Amino acid sequence: LLNQPLTLARGQQRVTWDAAKIATLLAVDAAGGQMRVRVDAERLGKAVQQLAQVVDSGSSEPRVAFRGGKLKITQPGQDGWRLDQAAAAQAISATLRLSQRELALPVAQLTPQVTAKTLPALGIADLVGEGKSSFAGSASYRIANIKAGAAKLDGVLIPPGAEFSFNTQIGAIDESNGFVQGYAVIGNRTQLEWGGGVCQDSTTVFRAAFWAGLPITERHAHPFYISWYDDFSFPDQAGPGMDATIYTGVLDLKFVNDTGHWLLMEASVDDEAQVLAVRLYGTKPDRTVEVRGPDIGRVIAAPDQPVYVDDSTLPLGTVKQTDHARRGMDITVYRVISEQGQQRAPETFFTRFKAWPNVFARGTAQ
C-alpha cells in the first residue's frame, strides 16, 4: 500500500499523495492472532472531502451585481465540475492495491442555470446578512490579498439548498488568482505564504453567514488571538470569537443556503475606511438572529520563554522576531435564532486560543 505514491488527475491538474499521506488513511486491526491492514473508509472519506477543495471549480453561474433593486449579469457563466466524492473514494481504495498508481478522478460537469431571463425569478430582493471587518494598519501584501479574495467572492450566486465552500470558490491561492506572498500562521510560527491575509475574507464571510442565520457546517478559529478581528464582530461591542481561518485542502469555511431561494454574495473593499464588507442578498426568511457573549474564560498568561526556530532562508547568525507573545483564552459565543416567532436552542461557537510565545527565526544559511 505504501510502496509508491498515488497520482490523482483531473484534466491537466495533478495531486500526488505520498506514502506519508497514504499512511494516514490506513487502519491496523488485530484478530485471531493476525494483523490486518486496511484502508479506513472514514479516514478516506475525510481525505476525499479535503481533496474536493482543491479539485472542484468555483461557481459556474454568471457573476451578478445588485444595484438599485435590480440584478445585472457582470460576467457570463461557464462550465465547471464537482468531484463525485463517493465514486472517488471507491476508486482510490481500489487503485491503492494496484501497481499502476494514477487515477483519473470522477467528476460531474456543472453548467450554468441562471440567464438574464431567469434573473427576476431568483428571489433576490433583500439584504439577508452582512459581515464587516477592519484591516486598518495592514501591510500592503495583506491589502492586496484581501482585495484578491474579495474579487473571487463578489457577485457569486449560491443556489437554494447548496453548501458554499470558501476554499472551492477562492480557488488556488497563488499569483494566477491575483494573490501575493505575505505572512500567515503556519505550524508554530508566522512565515511567508501565498495569500497571507486572506483569512480576513473568510472571517468576513463567516460573519455574513452568521448574521443571516445560515447553518455553518465548517468553521475554524485562528490558533491564537489576533486583535484586529475584534472590530465589527458584535453589534454593540468589539470582541474576540468571531473569526474564521482557512487553509486550502485542510481547513475550510462552509455554510448552507437554507433560505429556499438563491443568494447573491457581494464583497466590497472600502480603502478609505479600511473596511471589508460581505453582504448576502436574497429573500429574507422570517427569522431574527441574536448573539449572547462573548463569554471569556480559561485565560492563560503568555509564556515567558521565547521560542527559536531555525530558518534556512536567513543568513547564519541572523535573528528575526516573527511572533509576539499573546495570552491564551477560551471564548464562547451563542447564536440565538428565532424563526416565525419560535426560538431555537442556542448554537455554540467555541474558540480556544493558545497561549503564544515570542517566536524568533534563527538564520542557518551559510
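Numbers at a glance
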{"read-out": "Selection from Thr364, Ala325, Gln340, by position along the positive dipole direction of region 273-366 (Cβ)", "value": "Gln340"}
{"read-out": "For region 202-262 versus region 296-338, the gap between their alpha-carbon centres in whole angstrom", "value": "20 Å"}
{"read-out": "Computed [θ] at 222 nm, helices only, for the chain once each DSSP H run of length n ≥ 4 contributes -39500 (n - 2.57)", "value": "-5000 deg cm²/dmol"}
{"read-out": "Kirkwood Rh, angstrom, region 106-149 [1 / mean 1/r, Cα pairs]", "value": "15.0 Å"}
{"read-out": "Charge tally in the Cβ shell below 15 Å around Ile143, where Lys, Arg are +1 and Asp, Glu are -1, Ile143 excluded", "value": "-2"}
{"read-out": "Surface accessible to a 1.4 Å probe, Trp356 within the full protein complex, Å²", "value": "20 Å²"}
{"read-out": "Apportionment of accessible area to carbon and sulfur, the chain, percent (1.4 Å)", "value": "50 percent"}
{"read-out": "Considering only the chain, percent of DSSP beta bridges that pair antiparallel, nearest 5", "value": "90 percent"}
{"read-out": "Reciprocal mean inverse distance between Cα atoms of the chain - Kirkwood radius, Å", "value": "22.7 Å"}
{"read-out": "Solvent exposure ordering (accessible area, 1.4 Å, most first) of Ile92, Ile73, Ile226", "value": "Ile73, Ile226, Ile92"}
{"read-out": "Heavy-atom accessible area order for Val198, Val299, largest first, 1.4 Å probe", "value": "Val299, Val198"}
{"read-out": "Compactness of region 267-366 - radius of gyration and Dmax, Cα, Å", "value": "22.0, 69"}
{"read-out": "Accessible area expressed per residue, region 1-146, with surrounding protein chains retained (probe 1.4 Å, Å²)", "value": "56 Å²"}
{"read-out": "Cα-centre dipole for region 237-366 with unit charges at Cβ (Lys and Arg positive, Asp and Glu negative), debye to 20", "value": "380 debye"}
{"read-out": "Residue-level accessible surface for Phe350, protein heavy atoms, 1.4 Å, Å²", "value": "100 Å²"}
{"read-out": "Mean Kyte hydropathy of -1.0 or more with a Cα span along the axis of at least 30 Å, helices from DSSP in the chain", "value": "none"}
{"read-out": "Radius of gyration and maximum dimension Dmax of region 154-312, Cα, Å", "value": "17.2, 57"}
{"read-out": "Cα-based radius of gyration of region 2-63 once divided by 2.2 N^0.38 Å, which approximates compact folds", "value": "1.51"}
{"read-out": "Accessible surface of His324 - all protein chains present, 1.4 Å probe, nearest 10 Å²", "value": "110 Å²"}
{"read-out": "From the C-alpha gyration tensor of region 21-110, square roots of 5λ in Å", "value": "42, 14, 8"}
{"read-out": "Accessible-area order (highest first, 1.4 angstrom probe) of the listed residues Glu61, Glu130, Glu175", "value": "Glu175, Glu130, Glu61"}
{"read-out": "Set Lys21/Lys46; Lys147/Lys284; Lys132/Lys152; Lys72/Lys152; Lys70/Lys117; Lys152/Lys254 screened for pairs whose C-alpha atoms are more than 19 Å apart", "value": "Lys147/Lys284"}
{"read-out": "Amide H within-cut-off set for Leu110, under 5 Å, with H built and near neighbours excluded", "value": "Gly80, Trp81, Arg82"}
{"read-out": "Simple Cβ-charge dipole of the chain, Lys/Arg +1 and Asp/Glu -1, about Cα centre, in debye nearest 20", "value": "480 debye"}
{"read-out": "Lys, Arg +1 and Asp, Glu -1 on Cβ, resulting dipole of region 88-171 about Cα centre, debye, nearest 20", "value": "260 debye"}
{"read-out": "Thr322 long-range amide H proximity, modeled H, under 5 Å", "value": "Val359, Phe360, Ala361"}
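The values are calculated or read from the model by the stated rules, or taken from the named source; none is laboratory data. The structure presented is a predicted model; accordingly, all values stated were derived computationally and were not measured. For neighbour counting, all protein chains shown are included, and Cβ atoms are generated from backbone atoms with ideal geometry for every residue, glycine included. Please note that ligands, DNA and RNA were not included when accessible areas were found on the heavy atoms of the full protein model with its side chains. Shrake-Rupley method; radii C 1.70, N 1.55, O 1.52, S 1.80 Å.
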